[in-house]
1. With the cut-off at 1.5 for a/c, could you classify segment 85-129 from its C-alpha gyration tensor as rounded, prolate or oblate?
2. Fewest Cβ neighbours within 10 Å first, please rank Glu130, Glu5 accordingly.
3. So for segment 118-257, taking the charge dipole from beta-carbon charges (+1 Lys/Arg, -1 Asp/Glu), which of Leu252, Gly216, Ser151 sits furthest toward the positive end?
4. Can you tell me how much longer the chain between Glu13 and Ser107 gets when fully stretched, taken as 0.36 nm per residue apart minus their C-alpha distance, in nm with one decimal?
5. Quickly estimate the mean residue ellipticity at 222 nm for the chain, helices only: each DSSP H run with n ≥ 4 gives -39500 (n - 2.57), and the total goes over all residues, rounded to 500.
6. With the dipole of segment 3-250 worked out from charges on the C-beta (+1 for Lys and Arg, -1 for Asp and Glu) around the Cα centre, which of Gly53, Ser137, Ile189 lies farthest toward the positive end?
7. May I ask you to sort Asp4, Asp148, Asp156 by Cβ crowding, counting other Cβ atoms within 10 Å and putting the fewest first?
8. Kindly put Arg63, Arg30, Arg68 in sequence by how many other C-beta atoms sit within 10 Å of each C-beta, fewest to most.
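Bear in mind these aren't lab numbers, they're just calculated from the coordinates by the rules spelled out. Here the structure is a predicted model, which means the values were calculated and not measured. Virtual Cβ from ideal backbone geometry, glycine too; neighbours counted across all protein chains shown.
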Amino acid sequence: MTDDELLDLTQEETFKYFWDFANAESGGARERYLPANPSQDQNIVTTGGTGFGMMAILVGIERGFISRTEGFNRLTTLLNFLKNADRFHGAWPHWLNGSTGEVIPFSDLDDGADLVETAFLAQGLITVGEYFKSGSSDEQALATQAFDLVSAVEWDWFTQGENVLYWHWSPDNDFAINLKLQGYNETLITYILAAASENFSIEPEVYNQGWAQNGGIASSANAYGYPLEVKHAGAEQTGGSLFWAHYSYLGLNPFGL
């Protein structure tokens, strides 16, 4: 097997998780799929993973793993599900019931909006919108629906009037988790999308103070012979997990930022 063949196989098998093993009713990405372990709830749809899955479906169309019509039909089902699912100030929870669209608590206090998972989902929705916006009338309607879902997210509401974004809010528990989005970690894309929002944009100081910490996020540390450039949350000397970079840059070009 050549390197190119290995990469093709890896890409197709990754795509299959989001296509073959998606929730049958909603089309959303399952948090897990363990058919040999019925004790694990296989009806949990993860919103961030669903955003990744949307991108994977578009790759599947382009690579010929599925037809454009098949991809369009699956995405239509999925966007209709997301439109009717539980949202809180426009933001989705981390987990949804794949049949009903109702929130499934991620923890005792986390039974409402998850702004970071919403950002990962929004990346997928924007990509879907861009992909279909110049297509047929039906495809253009789907693109509009994708953009509308993103436009409804009230990013600025999650600041509590401060110069920082907060991760969670719940109608029952308010901001009780009290977790600020500060990096460097996977939450960068949340600030980018919040700043770019047409309806609910954050002020520049929310990014400058909340994320960049007025320049304090910069790092002179080196790990494994490479400069880290930024302080990784909880791992300032060694650098953090690779997904801290992967998730934000699925839909965002990191060069020139």
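1. prolate
2. Glu5, Glu130
3. Highest projection toward the positive end goes to Gly216.
4. Fully extending the segment from Glu13 to Ser107 adds 30.7 nm.
5. -12500 deg cm²/dmol
6. About the Cα centre, the residue reaching furthest to the positive side is Ser137.
7. The order, fewest Cβ neighbours first, is Asp4, Asp148, Asp156.
8. Values: Arg63 12, Arg30 24, Arg68 16.
So the ranking, lowest neighbour count to highest, is Arg63, Arg68, Arg30.
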